[in-house]
Amino acid sequence: METAAPSTNAITIVTTDAEKNQFLRFPYQHYSDHPWWVPPLLIEQKKLLNLDKNPFYKNAEIAFFLAEHNGKPAGRIAAIIDHRYNDFHKSKTGFFGFFECIDNQATASLLFRVAEDWLRKRGMSEVLGPANPSMMDEVGILIDGFEKHPAILMPYNYDYYGGLLEGADYEKAMDMFAYLVTQDSVDRSRALRAGEIVKKRLPGISVRPINLKKIRDEVKIIRNIFNSAWKNNWGYIPLSEEEFDNLASDLKTIADPDFAHIAEIDGEPVGFSVALPDYNQILKDLNGKLLPFGFIKILLRKRKINKIRTALMGVLPSHQGKGIDVLLHREAIQNGLVRNYYSSEVGWILESNVQMVRVAEKIGGQLDKTYRMFSKDL
């Protein structure tokens, strides 16, 4: 009687261009037949992983690892040290990111072990993730809401990923929620009443669209509000001017003034909201490629987008709790209704941010997806 050969796992530290390309492209084969995963644009993924062009890496270290199972590509992971995060939080926290793996606990555990060893050797005492690569990029493991396409700039993964992390002794650190507001669920009369109440309470309040022709000036306003509004939130790090300049170039390409606003009181900015058209609705069959015909397909399909995602929002601490966030949400929703957009995804929202959870529920949001950050002591 013949016995089956034992399965084998191997790890490669990514150093060559060929290995970097394999790391980049692994998800495209891993999810090739998946009905819900949306392939991100390769040009954006290359930019995200480019150590010279992504300003995040000026204050961070990263190492990439590839896994093989029985001689075949089986997974990937990155080990990351964000020095600004540790300086701000006075911690020794390492991160893992870009995690993808076949449904095999031994392979996943080996990937986590090599990432943890790399972080431990550099003095880290805990690991948190996934962050791809930072807390301001795609974060978290999807743990609920698998039979739906992810919204723009939100992660997606197989439903067994949470089990792989728990099998490698990771524990829940924080859940993050995405709420869905639709034309059917939104209480328009309540939103209008709430808006009028806010305007009576704050007579000098006004909401204006972001001026894409002056995007760098607008982004400076957003940065100042963001760094003030978010400073007490879990996982926050202050973002640099260079990172926001990088954001400005991205926003100029995909933002829509109907869904990106700044709130002012007597002409002074006090809050902002940036919602983006959900381009994931039209990217599914491009397999991440803009050439030769992907760009043309995007232009032709753009009118088919009927969903937005509120990706960033902030109100100065001195003006929080006054309903300005409701006013900002209402503006985007009202504009969406005029343009026949059916739905808006609001998130992610930290489970600990009770105020924002209530705002999402008040405008008619229903919990649609849950993402989880995991941690482990080293």
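What the table shows:
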{"quantity": "Anisotropy class of the range 139-246 from Cα gyration tensor, a/c 1.5 cut", "calculated": "oblate"}
{"quantity": "Relative contact order (%) - the range 223-378, alpha-carbon pairs under 8 angstrom, separation at least six", "calculated": "23"}
{"quantity": "The chain, relative contact order [Cα under 8 Å, separation at least 6], %", "calculated": "22"}
{"quantity": "Listed candidates (i) 68, 55, 42; (ii) 81, 47, 36; (iii) 91, 53, 38 - label of the one calculated as Cα extents along the principal axes in Å", "calculated": "(ii)"}
{"quantity": "Using θ = phi - 60° and Karplus 6.51 cos²θ - 1.76 cosθ + 1.60, couplings along the range 37-43 (whole Hz; Gly, Pro as x)", "calculated": "5, 10, x, x, 5, 4, 4"}
{"quantity": "Cα gyration tensor shape for the range 9-176, rounded if a/c is under 1.5, else prolate or oblate", "calculated": "rounded"}
{"quantity": "Most mobile of 12, 310, 182 in a GNM of the chain (Cα contacts under 10 Å)", "calculated": "12"}
{"quantity": "Fewest-first sequence of 276, 316 by Cβ atoms within 10 Å of each Cβ", "calculated": "316, 276"}
{"quantity": "Of 72/307; 90/214; 148/362; 200/362, pairs whose Cα-Cα distance is over 29 Å", "calculated": "72/307; 90/214"}
{"quantity": "Qualifying trypsin sites (Lys or Arg not before Pro) for the range 109-173 [loop in DSSP, other Cβ within 10 Å: at most 14]", "calculated": "122, 148"}
{"quantity": "Tilt relative to the chain, helix 241-254 - C-alpha long axis, 0 to 90 degrees, to 10", "calculated": "80"}
{"quantity": "Greater than 25 Å apart at Cα, pairs in 172/231; 220/302; 46/231", "calculated": "220/302; 46/231"}
{"quantity": "Value of relative contact order over the range 1-70, rounded to a whole percent, pairs C-alpha under 8 Å and six or more apart", "calculated": "61"}
{"quantity": "Euclidean distance of C-alpha centroids, the range 215-256 and the range 318-378, integer Å", "calculated": "18"}
{"quantity": "At most 14 other Cβ within 10 Å, DSSP loop - GluC sites (Glu not before Pro), the range 1-93", "calculated": "2"}
{"quantity": "Charge dipole (the chain, unit charges on Cβ, about Cα centre) - positive-most of 279, 64, 27", "calculated": "279"}
{"quantity": "Listed peptides 248-261, 295-308 by packing density, highest first (mean Cβ within 10 Å)", "calculated": "248-261, 295-308"}
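FYI, it's all coordinate maths here, none of it is from the lab. If you're wondering where the values come from, they're calculated on a predicted model, not measured in any experiment. Here Cβ is always computed from backbone atoms with ideal geometry, including for glycine, and neighbour counts include all displayed protein chains.
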